[in-house]
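The values are calculated or read from the model by the stated rules, or taken from the named source; none is laboratory data. For clarity, every value in this text was computed on a predicted model and none was experimentally measured. Cβ atoms come from the backbone with ideal geometry, glycine included; neighbour counts cover every protein chain shown.
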């Protein structure tokens, strides 16, 4: 039987080294928070950390070859539980949290620890966080909780204070190219994705594997260019085309909002780390952007999201958004 490889992780060497040292010194956190922008590898690192905690080779954990590492690699370890998302915000219900608390009291099956994963926890409600607080504050000796979020501020300070928070960063473009090459993408595909998303491996993979994500990125880049050129007709045309599919529209607006963020940072600081999908379009918009105007545009997009959640028609939503962006 072939031995599964460890999860392919590019960059964040210091973070991994710190956690490995904690394992060797028997000081692993009972609650770990991995935070960073979408696509930077938080869930991959959470899986790697699960292998680190459960690995049978204490000196070289995670080894990738022991029974526990293999089971985690195959998403089949009985002591690793991933909490299920629910609701419009894809958070975690109080019932789910209570089920995790009950599970946390049960002894492990295959080793010394049980791991409970709360991935993409930005949408966790205050009620669910409060329900989880006691377990994170005073967990059983065999329980370990792992959370991933984009923004630390989405969690309650009382919950945050009981976690060890570690930042996860996108990698360099060269590291991203190496990682994507390992996944058998062609050089042309890789160059296309990296030109859009820099060293964010997750976003690059989404761009290459998901046609809707690719379309959203192209549309968001076009919207940024149209806004920079004060081309109201092109702005409305692109928004109207995206409005034919609400999921596409939401993805487009998310990226468009990041484009405006990039432009605002560039207008203030010059250099910026790409969070959107088109550096040159954001740089062009930056010349026409003040901080106040950027905030008004961000507010207009936030209002469009609120309208979509309230079941306002997509066509009406994008028409109002176009007018608000041009008046900002």
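Among the residues of segment 295-322, write down those that are more than 27 Å from the chain's Cα centre (by Cα) and assigned to a helix (DSSP H, G or I).
Result: 315, 316, 319, 320, 322.
Hey, among 186, 135, which residue is within 14 Å of residue 31 (Cα to Cα) and without any contact (Cβ under 8 Å) to a residue 60 or more places away in the chain?
Working: 186 fails: within 14 Å of residue 31 (Cα to Cα).
Every option except 135 fails the conditions.
Which of the residues spanning segment 178-190 are modelled with pLDDT under 95 and not in a loop (DSSP other than H, G, I, E, B)?
Once the filter is applied, which keeps residues that are modelled with pLDDT under 95 and not in a loop (DSSP other than H, G, I, E, B), segment 178-190 yields 178, 179, 180, 181, 182.
I want to confirm something. Restricting to segment 261-294 and keeping residues that are within 19 Å of the chain's Cα centre (by Cα) and closer than 21 Å to residue 328 by Cα, which single residue is surrounded by the fewest Cβ atoms within 10 Å (Cβ to Cβ)?
261
Consider residue 123 against the criteria (1) in contact (Cβ under 8 Å) with a residue 40 or more places away in the chain; (2) under 19 Å from residue 35 (Cα atoms): it satisfies all of them except one. Which criterion is unmet?
(1)
Determine whether residue 76 is without any contact (Cβ under 8 Å) to a residue 24 or more places away in the chain and not assigned by TED's automatic domain parsing to the domain that holds residue 254.
Working: without any contact (Cβ under 8 Å) to a residue 24 or more places away in the chain: yes; not assigned by TED's automatic domain parsing to the domain that holds residue 254: yes.
Criteria met by residue 76.
Quick one: what pairs do we get from segment 146-174, first residue free of Cβ contacts under 8 Å to residues at least 24 places away in the same chain, second surrounded by 18 or more Cβ atoms within 10 Å (Cβ to Cβ) and in a loop (DSSP other than H, G, I, E, B), C-beta under 9 Å, 6+ apart or different chains?
174/199
Quick grid of which residues meet (1) within 30 Å of residue 195 (Cα to Cα); (2) at pLDDT 95 or above:
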{"site": "83", "(1), (2)": "no, no"}
{"site": "93", "(1), (2)": "no, no"}
{"site": "145", "(1), (2)": "no, yes"}
{"site": "169", "(1), (2)": "yes, no"}
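Quick one: which of 239, 255 is at pLDDT 95 or above and within 14 Å of residue 317 (Cβ to Cβ)? Write out each step before concluding.
Values: 255 fails: within 14 Å of residue 317 (Cβ to Cβ).
239 is the lone residue from the list that is at pLDDT 95 or above and within 14 Å of residue 317 (Cβ to Cβ).
Looking only at segment 218-256, which residues are under 17 Å from the mean Cα position of the chain (by Cα) and surrounded by fewer than 24 Cβ atoms within 10 Å (Cβ to Cβ)? I'd like the intermediate steps shown before the answer.
Applying the first criterion (under 17 Å from the mean Cα position of the chain (by Cα)) to segment 218-256 yields 250-256.
Correct list: 250, 251, 254.
In segment 199-217, what count of residues is obtained for those that are without any contact (Cβ under 8 Å) to a residue 12 or more places away in the chain and either in a helix (DSSP H, G or I) or in contact with a strand residue (DSSP E or B) (Cβ under 8 Å, 6 or more places away or on another chain) (or both)? Walk me through it before giving the result.
Of all residues in segment 199-217, those without any contact (Cβ under 8 Å) to a residue 12 or more places away in the chain come to 209-211, 214.
Cutting the leftovers down to either in a helix (DSSP H, G or I) or in contact with a strand residue (DSSP E or B) (Cβ under 8 Å, 6 or more places away or on another chain) (or both) gives us 209, 211, 214.
Total meeting the criteria: 3.
Quick grid of which residues meet (1) outside any helix (DSSP H, G or I); (2) within 15 Å of residue 203 (Cβ to Cβ); (3) out of contact with any strand residue (DSSP E or B) (no Cβ under 8 Å at 6 or more places or on another chain); (4) modelled with pLDDT of 95 or more:
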position: 251; (1), (2), (3), (4): no, yes, yes, yes
position: 259; (1), (2), (3), (4): no, yes, yes, yes
position: 268; (1), (2), (3), (4): no, no, yes, no
position: 275; (1), (2), (3), (4): yes, yes, yes, no
position: 293; (1), (2), (3), (4): no, no, yes, no
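Which of the numbered conditions does residue 43 fail, given that it passes all the others? Conditions: (1) modelled with pLDDT of 90 or more; (2) under 27 Å from residue 213 (Cβ atoms); (3) touching a helix residue (DSSP H, G or I) at 6+ places or on another chain (Cβ under 7 Å).
Of everything listed in (1) modelled with pLDDT of 90 or more; (2) under 27 Å from residue 213 (Cβ atoms); (3) touching a helix residue (DSSP H, G or I) at 6+ places or on another chain (Cβ under 7 Å), residue 43 misses just condition (3).
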